[in-house]
Structure formats: structure tokens, C-alpha cells
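The structure appears right after this line, and notes come after that.
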Amino acid sequence: MEIFIYLNMYQTVVHTKPIETYAKDDVNFSKPCPEENYRYHNATGYFMCTVETAKKCIDLCQQTGCNDLYFMSVIPSKNDKIKRNYRCRCFQDYHVCFYNPLPRYHNIN
């Protein structure tokens, strides 16, 4: 991930370039994550399957070393409400887990 920070006396502007290599590589998300032997993309930290609940996402993330759900997440980490077409990502550099909707243009097998 590339991060550019521009500072001046009036404001701070942060530009980020997300890691979206899975989209270029024609990688598909399976539906939904199995209990074991799920695919994990090391370069991006994405579980290559849809994850139905935030609780399941946290459980998967904890297996890969991420202990906390991102603080800006609008879905509580213990939420058991089933969400369709959501993805889970473990950002290992900061030990943070992300749970958000999968963009519509991605293929789901």
C-alpha cells in the first residue's frame, strides 16, 4: 500500500493507493468460506471467500494474527446478522481486521 502525505500550514491531505492486486489477477471469491481449508491471499490479506458474519470474520482474522476489528467499522465484531457478499481482510502489519461489502464487479463462484 502506498501512502502519500502532503502537509502545509492549512491542512493535511492523505492520499492512499489500496492494494487491489486480486482484481488484476482474475482471482474470484468463493461463496461462502468453508470451516477449514479456505483460500487466503497473502499479498493483500484477503480471505478469498465471502464471509457471512462479522463474528466469523473476526474468528478467521484471529487465526492469521489480526485481533481487532477496524475502529471505523459500522458493524460490531460480535454481530451474528448474516450479510451477503461481504469480504474479510487481515491487515497483518497493524493486526487489524476489515469487514466490508464486496464490490459488485467482482466474480463470486
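Computed from the coordinates by the stated procedures, all read-outs in this text should not be read as laboratory data. Predicted, not measured: the structure shown is a model, and the values here were computed from it. No Cβ is skipped: glycine too gets one built from the backbone with ideal geometry, and neighbour counts run over all protein chains shown.
The residue of segment 48-74 that is surrounded by the fewest Cβ atoms within 10 Å (Cβ to Cβ), among those that are closer than 22 Å to SER30 by Cα and of a type in the set (Val, Ile, Thr), is THR64.
Can you confirm whether segment 72-84 contains a residue that is in a strand (DSSP E or B), without any contact (Cβ under 8 Å) to a residue 60 or more places away in the chain and among the polar types (S, T, N, Q)? Reasoning before the result, please.
Of all residues in segment 72-84, those in a strand (DSSP E or B) come to none.
Scanning segment 72-84, I find no residue that is in a strand (DSSP E or B), without any contact (Cβ under 8 Å) to a residue 60 or more places away in the chain and among the polar types (S, T, N, Q), so the answer is no.
Which ones in segment 45-71 are touching a Ser or Thr at 6+ places or on another chain (Cβ under 9 Å), farther than 14 Å from VAL96 by Cβ and part of a loop (DSSP other than H, G, I, E, B)? MET48, THR50, listed by residue number.
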